[in-house]
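Below: one structure, written as structure tokens.
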Amino acid sequence: MQFLADNFGLLWDAFLTTLSLSLLAGLLALVLGTLLAAARVSPIPPLRGLATFYVETFRNTPLTVVFFFMIFGLPQIDFILGFFTGAVLSLGLYTAAFVCEAVRSGINAVSAGQAEASRAIGLTFGQSLREVVLPQAFRTVVPPLGNVFIAMVKNSSIAAGFATSELSSLLPRLVNADAGQLTAVLLGVVIAYMLITLPLAFGVHRLERRVAILR
Amino acid sequence: MAFRVPQVTSRPNGEPLVRLSGVNKWFGELHVLQDIDLEIARGEVVVVIGPSGSGKSTLCRTINRLESIEQGEITIDGERLPEEGKQLARLRSDVGMVFQSFNLFAHKTILQNVTLGPIKVRGKSKAEAEQRARELLERVGVSAQADKYPAQLSGGQQQRVAIARALAMDPKVMLFDEPTSALDPEMISEVLDVMVGLARDGMTMIVVTHEMGFARRAANRVVFMDGGRVVETADPETFFTAPRSDRAKDFLSKILNH
């Protein structure tokens, strides 16, 4: 434990990196994923096709490959992202595909009558989605979205392989410095991850109870 | 009878408020609407009855294009129903609809249910929309429930809110798609009373229903459908006492003699 205390500064910085990476990528994934879900249920076929193509591309590509493309592929066409920016984009764009499918399942769970009633009073497709369908869809997908975001926090560890000094990158660094401290280092890193994921899970649970609606 | 249905009034040029001409619709192989021609005048109350599967609900839903049609033309106040997009949304805002399953917005309070359309579609201020909504809720007798959520209300109350929600848009015509079919028997009359009141006030109404009492009390005309066709059209008294078609006689004998 003394070893962890000695390296607290390092651990703290890595924790903040993982946290900010998760928050930024999470925000990107939530916004983009919701837009993709809206596109996938829209009455405009090209929009549906584009969103489906996006989801199938990112959902079926290993995250490591997405990182590789962002950080080593894009510079080939003179498009250079910083390591951290590349990590946020990789993680966010990848997770958006999963957010899209979770939100879409929620949209499908809202009864058709709700959308019909909103169209019947003259709301446009976009208004109906914003005012009536999505607010109800989000309520049903809080638990699966929680899963997606917890998985995303853990997936952020891939950034360690692409020069971002986040939590997982400490494992080889600290163990190389003192192999005898392997257990302590593992424990420290796992606890740091849990400091993000457990409050997230708790928040999801609270949110689920707060937004539950009678049907 | 407690009141007389007001005389049907047409515009000077005689243009009906709703006109369906040569309307055909298929669900796959099934020809659900066959050569429907129907005109509804301003202020007229038309009841559409018929056995299940006769196409009466589908007919009702084509009038605000919740169902598209393959052939024919539907006009409302002289204006042809647009295919999609903003024009269709604008036209729908002038056509009130009440569904069998109420379809109140589950995540919004009763008051919000009624103000959503006026605020988002008509661009009214929140205060203005709420004042009007409270008046309408008062009129349908559920003003005490304004801050509750739909699931906290009885079916009859929910359906009356649904009527208020449609009225809040100041529609030119109201469509009722089996408005009492999902209600417990003792709640049916509270909804029908509201509808009779609307008819008395001169609202143009197209009502798909099995409520023969309502048809007798409030309708100017009964349209009897079977197998996707309009089989017979008559005033209620004639239709119920002396139906012309065998199909209508058969239908009436089944629903009236038990």
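The values are calculated or read from the model by the stated rules, or taken from the named source; none is laboratory data. If you're wondering where the values come from, they're calculated on a predicted model, not measured in any experiment. Cβ: placed from backbone, ideal geometry, glycine included. Neighbour counts: every protein chain shown.
So, of the residues in the stretch B:180-195 that are more than 13 Å from chain A (Cβ to nearest Cβ) and in a loop (DSSP other than H, G, I, E, B), which turns out to be farthest from B:Gln100 (Cα to Cα)? Ranking the qualifying residues of the stretch B:180-195, first place goes to B:Asp184. The condition of being within 30 Å of B:Glu84 (Cα to Cα) and surrounded by fewer than 22 Cβ atoms within 10 Å (Cβ to Cβ) does not hold for A:Ala137.
Of note, B:Thr115 does not satisfy the criterion of being in contact with a Phe, Trp or Tyr (Cβ under 9 Å, 6 or more places away or on another chain), surrounded by 16 or more Cβ atoms within 10 Å (Cβ to Cβ) and within 14 Å of chain A (Cβ to nearest Cβ). Whether a residue is within 11 Å of chain A (Cβ to nearest Cβ) and surrounded by 18 or more Cβ atoms within 10 Å (Cβ to Cβ) was assessed, and B:Ala164 does not pass this test. Of all residue pairs spaced 6 or more apart or on separate chains, those with beta-carbon atoms under 7 Å, a first member in the stretch B:143-169 that is among the acidic types (Asp, Glu) and a second member that is surrounded by fewer than 22 Cβ atoms within 10 Å (Cβ to Cβ) are B:Asp147/B:Thr109; B:Asp147/B:Leu111. Contact map, the stretch B:116-130: residues that are of a type in the set (Asp, Glu) paired with residues that are part of a helix (DSSP H, G or I), Cβ distance under 8 Å, separation 6+ or inter-chain. Pairs shown: B:Glu128/B:Pro118; B:Glu130/B:Leu111; B:Glu130/B:Thr115. Being over 17 Å from the mean Cα position of the chain (by Cα), farther than 29 Å from A:Ser20 by Cβ, within 12 Å of another protein chain (Cβ to nearest Cβ) and surrounded by fewer than 19 Cβ atoms within 10 Å (Cβ to Cβ) holds for only one residue in A:Gly126, A:Gly122, A:Gly49, and it is A:Gly126. Would you say B:Lys86 is touching a Leu at 6+ places or on another chain (Cβ under 8 Å), of a type outside the set (S, T, N, Q) and at the interface with another protein chain (Cβ under 9 Å from one of its Cβ atoms)? No. For the stretch A:110-182, no helices (runs of 4 or more DSSP H) sit wholly inside it while including 3 or more residues that are over 23 Å from A:His205 (Cα atoms), of a type in the set (A, V, I, L, M, F, W, C) and touching a His at 6+ places or on another chain (Cβ under 9 Å).
I'd like to know if the stretch A:63-84 contains one or more residues that are modelled with pLDDT of 95 or more, in a helix (DSSP H, G or I) and within 15 Å of A:Val148 (Cα to Cα). There is at least one residue in the stretch A:63-84 that is modelled with pLDDT of 95 or more, in a helix (DSSP H, G or I) and within 15 Å of A:Val148 (Cα to Cα). I'd like the residue in the stretch B:29-83 that is of a type in the set (Lys, Arg) and within 14 Å of chain A (Cβ to nearest Cβ) and, out of all such residues, is farthest from B:Phe240 (Cα to Cα). Result: B:Arg65. Going through A:Val190, A:Val153, A:Val133 one at a time, which residue ends up being of a type in the set (Val, Ile, Thr) and in contact with a Ser or Thr (Cβ under 6 Å, 6 or more places away or on another chain)? Testing whether each residue is of a type in the set (Val, Ile, Thr) and in contact with a Ser or Thr (Cβ under 6 Å, 6 or more places away or on another chain) leaves just A:Val153.
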